[in-house]
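Right, one structure below, let's go through it.
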Amino acid sequence: MYARMIFVLLVGLSSSGSARAQSIREPDSQNLPSTSTTASARQEKNADVAQAAKRIFDATNRFRREEKQSELKENPQLAEAAAYFARFMASTDKYGHEADGKTPADRAKEYKYDYCSIAENIAFVYSSEGYDTDEVATGLMSGWKKSPGHRKNMLAPEVIEAGMAVAHSEKSGKYYGVQMFGRPKSAMIEFEVVNESGEDVKYQVGDETLELGIRYTRTHQDCQPGEIRFAWTGSEGKPETYQPAAKDRFVITKKAGRFQVTREKAKAEGSSATSRAAKEGVPSTDKHR
């Protein structure tokens, strides 16, 4: 007699309101020799799904620490959304990021998570001999870590919160796992570009080229800011590239005919800046002094 083991996973990502799902179905089946006990005599193993979810959360944070990323905080809204979707898949044995007719972003909204960025990993594991708690957690984590898309979601530097869940299908015996990762709108990254050079200047944020007039300050708000580049020519100044962090202030000046950029922290003051990078089509706020 043989025991059959299956691992299947999917990765999905949505940012600023639009979900993108990439199907990565990687069945990992292997035949294992049976033990001396018969099927009728064997006590089927049953995992504690709540404990399995906790162990997955802890293992995810260990993985992030190993890869020099910050730990995730558990968010109750994301946890509820993950638990709902795991239970849905377990109760119906329907599988996929839109198995319930909704996207990961839809489920985050339904559970009142006001997101700036949202991402989701799902998978299921199955064995005809059953699983204990450690085997479920280890099986799901191992598959996610080996898959580039899932690995990217687990290590994404922009996500700071998560909710995770596992549910068991009594009908099929499958254990479904869900990871939801997020960054709330309240944690948008805000930075400023200040032009004190005496000339109009251009710079790039991600793939977008922007102009900034004399004595103008532009405030950017972003869930996941791209690099900011000041691409001066050799005679204009030294080209410089930065990865913006919260409250950064990039001050452009010109000395001896060459542009210079100084990175400092913005002064603590209120801002009415609107979001360009939230993909809502609203430009960042400009202020003239």
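Please treat every number below as a calculation from the coordinates, not as lab data. Model, not experiment: these values are computed from the prediction. For neighbour counting, all protein chains shown are included, and Cβ atoms are generated from backbone atoms with ideal geometry for every residue, glycine included.
Take the alpha carbon gyration tensor of the stretch 50-152, find the square roots of its eigenvalues, order them as a ≥ b ≥ c, and report rounded if a/c is under 1.5; if not, report prolate when a/b exceeds b/c, else oblate. Taking the square roots of the gyration eigenvalues as a ≥ b ≥ c, the stretch 50-152 is oblate.
Summarising the amide proton neighbourhood of residue 232: residues at separation of 5 or more, or on other chains, whose placed amide H is nearer than 5 Å comprise 240. Amide hydrogen proximity for residue 123: with H placed 1.01 Å from N in the peptide plane, the residues at 5 or more positions away or on another chain lying under 5 Å are 10, 177. Compared with the alpha-carbon gap, the fully stretched path from residue 185 to residue 241 is longer by 17.6 nm at 0.36 nm per residue.
Annotation for residue 100 and residue 253: the two label points, set 7 Å from Cα along the Cα-Cβ direction, are 5.5 nm apart.
Summing Lys and Arg as +1 and Asp and Glu as -1 over all other residues whose Cβ lies under 11 Å from the Cβ of residue 135 gives a net charge of -1. Between residue 263 and residue 214, the modelled label-to-label distance comes to 2.9 nm, taking each label 7 Å out from Cα in the direction of the beta carbon. The mean of 1/r over all distinct Cα pairs in the stretch 204-264, once inverted, gives the Kirkwood hydrodynamic radius of 12.5 Å. Sketch the reach of a paramagnetic label on residue 112 as a point 7 Å from Cα along Cα-to-Cβ, and name the residues of the stretch 58-99 whose backbone nitrogen lies under 17 Å away. Once the point is set 7 Å along Cα→Cβ of residue 112, 75-84 turn out to lie under 17 Å by backbone N, inside the stretch 58-99. If you wrap the Cα atoms of the stretch 113-195 in a convex hull and average its projected area over all directions, you get 7.3 nm².
Within 15 Å, Cβ to Cβ, of residue 237, how many net charges do the neighbouring residues add up to if Lys/Arg are +1 and Asp/Glu are -1? Don't skip to the answer; put the middle values down first.
On the way: positive: 202, 229, 238, 254, 255, 258, 263; negative: 196, 199, 200, 236, 240.
Combined, the nearby Lys, Arg, Asp and Glu give +2.
Inter-label distance, residue 170 to residue 54: 2.4 nm, where each label sits 7 Å from its Cα along the C-beta direction. A cut-off under 10 angstrom between Cβ atoms defines the neighbours of residue 224, and their net charge, with Lys, Arg +1 and Asp, Glu -1, is -1.
Here the Karplus relation 6.51 cos²θ - 1.76 cosθ + 1.60, evaluated at θ = phi - 60°, turns the backbone of the stretch 132-139 into coupling constants of 9, 4, 5, 5, 5, 4, 5, x Hz, with x for every Gly and Pro. The stretch 38-107 and the stretch 127-177 have Cα centres separated by 6 Å.
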